[in-house]
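The block underneath contains the structure these notes are about, expressed in structure tokens.
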Amino acid sequence: MGQVSAKSGSAKAGSTLLSGLGFHFPAKSSTKPAKQLCIGLRAAERVGVAQVSFIPRKHTLTQAKGAPLLGAGSNQPKATREEVLSTEVVHANVAKPAGVLLLFHGCQHSAIDWWPAQPSCPSCIGLPEEVRITKAAAAHNLVAVALSSRDRLAHRCWDATWPVEQCTEIQQVGKVIKQLLERESWNQLPLYALGVSSGGAMALLLASHMPLQ
């Protein structure tokens, strides 16, 4: 599907997560934890992954007991849709969270793509690849949190202007994440971000904006 490269190496837990999502690391890599990972895919879109906090040794991304690696069948966590600071957010908790995975959609998409329709998210549409990712996250005991971009009328892309100081959307995204994590008591968990297309660029911007734990 593609090759994952990390110039500064990769943390073992990060490798486990990405392998679970269907990506594979080269056999030889450095032992230093990676601060940023960028997945290059030979496809229509690009996916960016950023590790925005290091995982303490007590936090290991292990597959939940009895859960299939890629979440086949009914292993779909309950998703809840809400608005946080006027931003659409959909999130799914797990019984014993080992971390939080932030999800950023691509252009013409939204936070409701990542889970199928259900009473707590009747507007969710559950696109196949997105659902595959959230099931894999649940199998690795990760709380999945998807946000929608501010642009809901035109291209629905993220404003991923570089340098980060000129990005008008990153401040709002940071506030939404901070409020949600504190409210749900997830703020002490390791934090990751994964994005597609313009969402991949937003994930990488986020790594330079939010402080590492």
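Computed values, structure above
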{"read-out": "Residue list for the range 82-121, filter: more than 17 Å from K135 (Cα to Cα) and either within 16 Å of the chain's Cα centre (by Cα) or crowded, with 16+ Cβ neighbours inside 10 Å (or both)", "value": "V84, T87, E88, V89, G106, C107, H109, S110"}
{"read-out": "Residues of the range 152-175 classified as outside any helix (DSSP H, G or I), surrounded by fewer than 13 Cβ atoms within 10 Å (Cβ to Cβ) and modelled with pLDDT of 85 or more, total", "value": "2"}
{"read-out": "Hey, G66 over 15 Å from P116 (Cα atoms) and at pLDDT below 65 or not", "value": "yes"}
{"read-out": "The one condition in (1) surrounded by 15 or more Cβ atoms within 10 Å (Cβ to Cβ); (2) free of Cβ contacts under 8 Å to residues at least 60 places away in the same chain; (3) over 22 Å from A92 (Cα atoms) that S198 fails to fulfil", "value": "(2)"}
{"read-out": "Residues satisfying the stated conditions in the range 80-122, i.e. charged (D, E, K, R) and free of Cβ contacts under 8 Å to residues at least 24 places away in the same chain", "value": "E82, E83"}
{"read-out": "Residues that are under 22 Å from K96 (Cβ atoms) and not in a helix (DSSP H, G or I), drawn from the range 117-141", "value": "Q118, S120, H140, N141"}
{"read-out": "Residues located in the range 126-156, provided they are touching an Asp or Glu at 6+ places or on another chain (Cβ under 6 Å) and among the hydrophobic types (A, V, I, L, M, F, W, C)", "value": "L127"}
{"read-out": "Residue that is in a loop (DSSP other than H, G, I, E, B) and surrounded by 21 or more Cβ atoms within 10 Å (Cβ to Cβ), where the choices are S149, S185", "value": "S149"}
{"read-out": "So A72, is it part of a loop (DSSP other than H, G, I, E, B), surrounded by fewer than 17 Cβ atoms within 10 Å (Cβ to Cβ), modelled with pLDDT of 50 or more and out of contact with any Lys or Arg (no Cβ under 7 Å at 6 or more places or on another chain)", "value": "no"}
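The values are calculated or read from the model by the stated rules, or taken from the named source; none is laboratory data. Being a predicted model, the structure only gives us computed values, none of them experimental. Every residue, glycine among them, receives a Cβ derived from its backbone with ideal geometry; neighbour counts consider all protein chains shown.
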